[in-house]
Amino acid sequence: MEMNNEKLQKFIDAVNDEIEIKVSEMLSDAEEQKKEILAEAERESEEYADRHFNIGSKKNENRYVRDISRAELEMKKAVLQHREELTAKIFDVVEKRLLKYHDDPKYVDMLIKNLLLMHVSDGSEIFLSPDDMKYADTLKKAVRAENVTFSPDEKIRLGGLSVYKKEKGTISDKTFDLAVEEQKRSFANSNAFAQ
């Protein structure tokens, strides 16, 4: 059982290492693009200033300020959009790796381990992705409770399982879907692409 924990942790560490490499590369690319956008905006601002500075009218000064503000706003929007695109790419890679993990024999072992750690009680209902229902018989043999049912849950796309304990009215969620959503929120809150 400890070996499975180590293997799962190695898999998670490998995914995290690859994500860190990709994030670093993407951050570097984003920083270069930001510099180019800022340099272009500054060049355009200087050209505009050179053309209109000698006119000196208040009307032109106000227009210059508006143009600079507009250019800065457009640059900030472009950077924000690029951040969102990079975040989507990162989590797309993570989701593809998790879906690929379904083909690994260790996946079923991980499901069994989670069931044992969740202390499934009599009368519980276990939810799996529709694709994982093929493992229901194997998982049922590992559970030490009676009258346990397995049901497909369309909301589970990436894998894992959740258990509804009827006597307590609680749901324990060990789905990859929930884990990925929590990581997305954590990633967004950490402002990983901050300037």
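The values are calculated or read from the model by the stated rules, or taken from the named source; none is laboratory data. Predicted model only: the values in this text are computed from it and were never measured. Note that each Cβ is placed from the backbone with ideal geometry, even for glycine, and that neighbours are counted across all protein chains shown. Surface accessibility is based on the protein's heavy atoms, side chains included, excluding ligands, DNA and RNA. Shrake-Rupley method; radii C 1.70, N 1.55, O 1.52, S 1.80 Å.
Couplings 3J(HN,Hα) of the stretch 99-104, computed from phi: 5, 5, 4, 4, 7, 7 Hz, in residue order, whole Hz [Karplus 6.51 cos²θ - 1.76 cosθ + 1.60, θ = phi - 60°; x for Gly and Pro]. Couplings 3J(HN,Hα) of the stretch 76-90, computed from phi: 5, 5, 5, 5, 4, 4, 5, 4, 5, 5, 5, 4, 4, 5, 4 Hz, in residue order, whole Hz [Karplus 6.51 cos²θ - 1.76 cosθ + 1.60, θ = phi - 60°; x for Gly and Pro]. Check which residues have an amide H placed less than 5 Å from Ser151's amide H, if you skip close sequence neighbours. Here the answer is Ile126, Phe127, Leu128, since their amide H atoms fall under 5 Å of that of Ser151.
Could you provide, to the nearest whole Å², the per residue accessible area of the stretch 76-155 with probe 1.4 Å? Intermediate values should be presented prior to the final figure.
Working: 4800 Å² over 80 residues.
That works out to 60 Å² per residue.
Residues Leu158, Leu117, sorted by accessible area with the largest first, give Leu117, Leu158 [1.4 Å probe; ligands and nucleic acids excluded]. Here r is the Cβ-Cβ distance between Asp122 and Leu99 and R0 is 35 Å; the resulting FRET efficiency, rounded to 0.05, is 0.60.
Whole-Hz Karplus values for the stretch 140-148 come out as 4, 5, 7, 7, 9, 10, 8, 6, 8 Hz, taken residue by residue from phi with 6.51 cos²θ - 1.76 cosθ + 1.60 and θ = phi - 60°; glycine and proline positions read x.
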